[in-house]
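The values are calculated or read from the model by the stated rules, or taken from the named source; none is laboratory data. Everything numeric in this text was worked out from a predicted model, so none of it was measured. Every residue, glycine among them, receives a Cβ derived from its backbone with ideal geometry; neighbour counts consider all protein chains shown.
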Amino acid sequence: MSHPIHHFHKRKRIHTQKEKYPSKDSFKRVVDKLIYFFGLAAPFAAIPQVYKIYTEQNASSISSFTFTALLITNFFWVLYGILHKEKPIIAVYIAWIVINSLIVTGTILYG
C-alpha cells in the first residue's frame, strides 16, 4: 500500500517535466505566435463554401450530418475554453460555430 500523500509528490514531479513558456527555442516562440493567426484565419477559409451555398441556393452536395457533428464538437471546444480560461480557443471555436451554423442552415434550406 502506498503512502496516503503519494499523489501530492507525484503532482510535484509533473511540473518538473513540463516545458517552460515561452520557450527558449526561437522556432517554438515563432510557432507559438503564428498559431494565433492561423487559428483565427482557419474559419475564414470556409466562407467561400457559405457564399456558394447561399448564392447558388444549392447545398445538395454538402453533408448536413458532417457539419452538424462539427457544430456539436465546436460547442464542446468553447466549453473547454471557458472552463480553462483559454480565450484563443473560445474565439476560434465561436468563429467555427458561426460558420458551421451557416452551413448547416444552408443544407436545411437548400439541401
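Within 30 Å of Gly111 (Cα to Cα) and at pLDDT 95 or above: is that true of Pro43 in this structure? Answer is no for this residue. Could you tell me which of the residues Ile103, Ile89, Ile72 is at pLDDT below 95 and either assigned to a helix (DSSP H, G or I) or small (Gly, Ala, Ser) (or both)? Exactly one residue qualifies, and that residue is Ile89. Quick one: is Ile82 in a helix (DSSP H, G or I) and more than 13 Å from Val50 (Cα to Cα)? Criteria met by Ile82.
When the residues of segment 73-111 are filtered to those that are surrounded by fewer than 13 Cβ atoms within 10 Å (Cβ to Cβ) and farther than 24 Å from Ile35 by Cβ, the one that is nearest to the chain's Cα centre (by Cα) is Ile108.
Restricting to segment 25-40, name every residue that is aromatic (Phe, Trp, Tyr), surrounded by 10 or more Cβ atoms within 10 Å (Cβ to Cβ) and modelled with pLDDT of 90 or more. Matches in segment 25-40: Phe38 only.
Has segment 3-24 got at least one residue that is modelled with pLDDT of 85 or more, surrounded by fewer than 11 Cβ atoms within 10 Å (Cβ to Cβ) and touching a helix residue (DSSP H, G or I) at 6+ places or on another chain (Cβ under 9 Å)? The answer is no, given that none of the residues of segment 3-24 is modelled with pLDDT of 85 or more, surrounded by fewer than 11 Cβ atoms within 10 Å (Cβ to Cβ) and touching a helix residue (DSSP H, G or I) at 6+ places or on another chain (Cβ under 9 Å). Quick check: is even one residue across segment 50-57 surrounded by fewer than 13 Cβ atoms within 10 Å (Cβ to Cβ), assigned to a helix (DSSP H, G or I) and among the hydrophobic types (A, V, I, L, M, F, W, C)? No, the conditions are met nowhere in segment 50-57.
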